[in-house]
Amino acid sequence: MIKKSTLLVVVSLLLSGLAYSQNNAIANSINKQNILINNAKNKRTISSAKDIIPFWNGWAVGFNFGLTQFDGDVRQYDHYPAYQKSSNFFELGSAFSLSLVKQINTFYSLSAELTSGRFSGLRRMEAYLDYSIHDPFQNYEGNGDKFTTTFNEADFILNIEITKAMAYFFKPKKSGNLSFETKLGVGYNTFNSLRKNLLTDTYIYGFGYNDEGVNSSETNYGTVKKDLFSSPSQTVYIYGLKAKYKLSVRMNLILDYTVRLSELDVWDASIMSTQNRKDKFSFLSIGLVYKIGNHDHAKEWESPIDGLKDDFSDLLVDIEGFTDDADNDGVSDAFDKSPNTPLGVAVDGSGNALDVDMDNIPDYRDADPFSNRDAQVNSNGKELDDDKDGVPNSIDLESKTPIGTMVNQFGINMGNANYVNSGGLIYFPSVYFNSGSAIVGNSNENRIATMALLLKNNPDVHLNVIGHTDNVGTPKFNKKLGLKRAKSVIDYLVLNYNVSHVRLNATTKGEGEPLSSVKEFNSDLENDIKENTISEINRRVDFEIVY
């Protein structure tokens with residue numbers, strides 16, 4: 001509940017900030033496109049800032065009085081208070097609160113509250129079956145117990161006007177004089193708790209008292225409270241619901257139900273492991289709120305929908321500039337930084353063609369969209385490889401190895417190393433494919449040429465040619481597609497470079513060993529396009545030395 005309450009506060013503040021930022025962005029775009037405002041005399045700023053009430057206005061003070069009900073280890077029933085007739089002890093307590101409220105805008109207000117009072121609880125003997133009683137001084141007599149806690153608390157609370165907020169989701173209707181608020185907050189609580197035996201009224205344990213110990217015939221512990229600054233304290237978390245009834249332009253009648261959740265399990269002077277891990281108590285109160293200073297009473301019942309209608313009718317803007325999209329890339333010309341991208345090219349939110357490897361060659365004309373960061377590329381986006389060993393210059397530690405030399409992944413000459421026992425260190429370039437295709441494209445010419453040179457200069461090497469796919473389609477289909485891709489690469493090497501078919505063995509892994517775990521999507525959203533581009537690395541053929 002604490003996490004949910006905190007999350008609701010954060011989301012509310014973020015939504016307010018988002019609305020303010022979006023309105024500023026629209027205003028800047030209007031200036032950029034030189035769109036004229038037809039009704040300049042009556043122009044109004046479309047911004048939630050206009051609803052913010054000045055600091056010196058919108059203040060109110062309140063007083064509430066009501067009943068408290070504890071919920072924790074020492075409680076007899078879950079849903080209603082208990083009463084012990086023999087000792088005339090009732091679980092309900094009482095408290096009062098003073099509040100100072102500042103209205104922020106139509107929907108939000110902040111309040112500081114001071115609350116003081118007491119709450120109580122009892123638990124009879126039969127309710128303690130199978131539980132270990134908290135009894136440090138061995139004072140518990142076995143017939144049940146009771147406690148009383150007095151407290152003082154300072155709170156900081158955010159109030160949200162839900163009656164007006166609901167008008168965003170339902171047809172607004174004037175609610176008359178009745179409205180509702182939710183409240184979320186945090187507080188600082190100091191307390192003194194005293195626990196006694198239920199039937200004999202003798203001392204068991206306490207927090208916030210100077211005298212404590214083992215009962216004897218001449219002792220009466222739990223009578224001397226610690227002062228306010230020496231009493232135990234803790235942070236509490238607050239949530240609740242408030243109903244307001246308008247009595248006059250300045251006076252509201254309040255019905256308030258608030259729950260205060262403790263960080264600890266000590267309010268009942270009993271630290272136990274029952275169904276209640278932390279203590280809490282509820283405060284049901286009635287009171288009055290009086291508005292002081294200046295208030296804009298006319299705005300107090302304004303519907304948010306009516307306010308939007310007024311803004312829209314007062315501000316007539318030619319919006320054609322926001323709908324024009326000359327290159328049909330889904331980004332309007334008002335925001336498009338590249339308004340002439342070719343038809344069908346994937347772009348980012350600013351209208352720039354996607355460039356996954358950031359080599360300044362957009363993906364739609366990049367023959368190698370996965371080149372290393374900051375690598376030198378040619379006009380087609382391919383990384384430079386001066387010694388033609390398949391390892392690009394950006395990671396090649398031996399940039400002048402003889403053509404056709406067997407190298408590792410860093411471009412280092414493997415010499416006469418045992419290929420089979422080399423631990424996979426020998427580097428072979430991968431061959432990439434379009435989605436669903438087994439055709440060897442032109443972008444793979446240099447990679448396959450590198451493999452042909454390696455095979456010609458190392459005639460004793462035999463390779464497994466392994467086909468891979470992405471996760472689109474069924475596993476059975478992808479197994480077949482991976483094998484087709486492997487055979488296509490073998491046929492290309494045999495037909496174009498006279499490599500012996502006997503030295504190459506086609507196999508497939510299908511979608512079984514992806515390099516990228518990004519899942520494919522079929523929608524047209526910009527993020528999906530980017531993710532599909534990343535998963536292209538799974539549509540490949542790899543090479544593996546057999547012997």
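How many of the residues making up segment 140-150 are assigned to a loop (DSSP other than H, G, I, E, B) and either surrounded by 20 or more Cβ atoms within 10 Å (Cβ to Cβ) or aromatic (Phe, Trp, Tyr) (or both)?
As a first pass, look at segment 140-150 and keep what is assigned to a loop (DSSP other than H, G, I, E, B): 140-143.
In the following step, the residues that additionally are either surrounded by 20 or more Cβ atoms within 10 Å (Cβ to Cβ) or aromatic (Phe, Trp, Tyr) (or both) were identified as 140.
Count: 1.
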(request) Select the helices (runs of 4 or more DSSP H) contained entirely in segment 433-547, then report the ones holding at least 1 residues which are at pLDDT 90 or above and open to solvent by 60 Å² or more (accessible area, probe 1.4 Å). (result) 475-497
(message) For segment 177-211, which positions are among the β-branched types (Val, Ile, Thr), under 39 Å from the mean Cα position of the chain (by Cα) and open to solvent by 20 Å² or more (accessible area, probe 1.4 Å)?
(response) 182, 186
(request) Select from segment 151-171 the residues that are exposed (fewer than 15 other Cβ atoms within 10 Å of the Cβ) and in contact with a helix residue (DSSP H, G or I) (Cβ under 9 Å, 6 or more places away or on another chain) and write down the one among them that is modelled with the highest pLDDT. (result) 168
(request) Go through (1) more than 30 Å from residue 135 (Cβ to Cβ); (2) modelled with pLDDT under 80; (3) among the polar types (S, T, N, Q) and name the single condition residue 258 misses. (result) (2)
(request) Can you confirm whether segment 81-89 contains a residue that is at pLDDT 50 or above, at positive phi and within 34 Å of the chain's Cα centre (by Cα)? (result) no
(request) Among residues belonging to segment 212-237 that are of a type in the set (Val, Ile, Thr) and open to solvent by less than 50 Å² (accessible area, probe 1.4 Å), point out the one that is farthest from residue 281 (Cα to Cα). (result) 219
(message) Which condition from (1) touching a Gly at 6+ places or on another chain (Cβ under 9 Å); (2) open to solvent by less than 80 Å² (accessible area, probe 1.4 Å); (3) of a type in the set (D, E, K, R) is the one that residue 135 breaks?
(response) (1)
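The values are calculated or read from the model by the stated rules, or taken from the named source; none is laboratory data. Treat the numbers as computed from the prediction; the structure is a model and nothing was measured. Quick reminder, even Gly has a Cβ in these numbers, built from the backbone with ideal geometry, and neighbours come from all protein chains shown. Accessible surface is based on the protein model in full, side chains and every heavy atom, while ligands, DNA and RNA are left aside. Shrake-Rupley method; radii C 1.70, N 1.55, O 1.52, S 1.80 Å.
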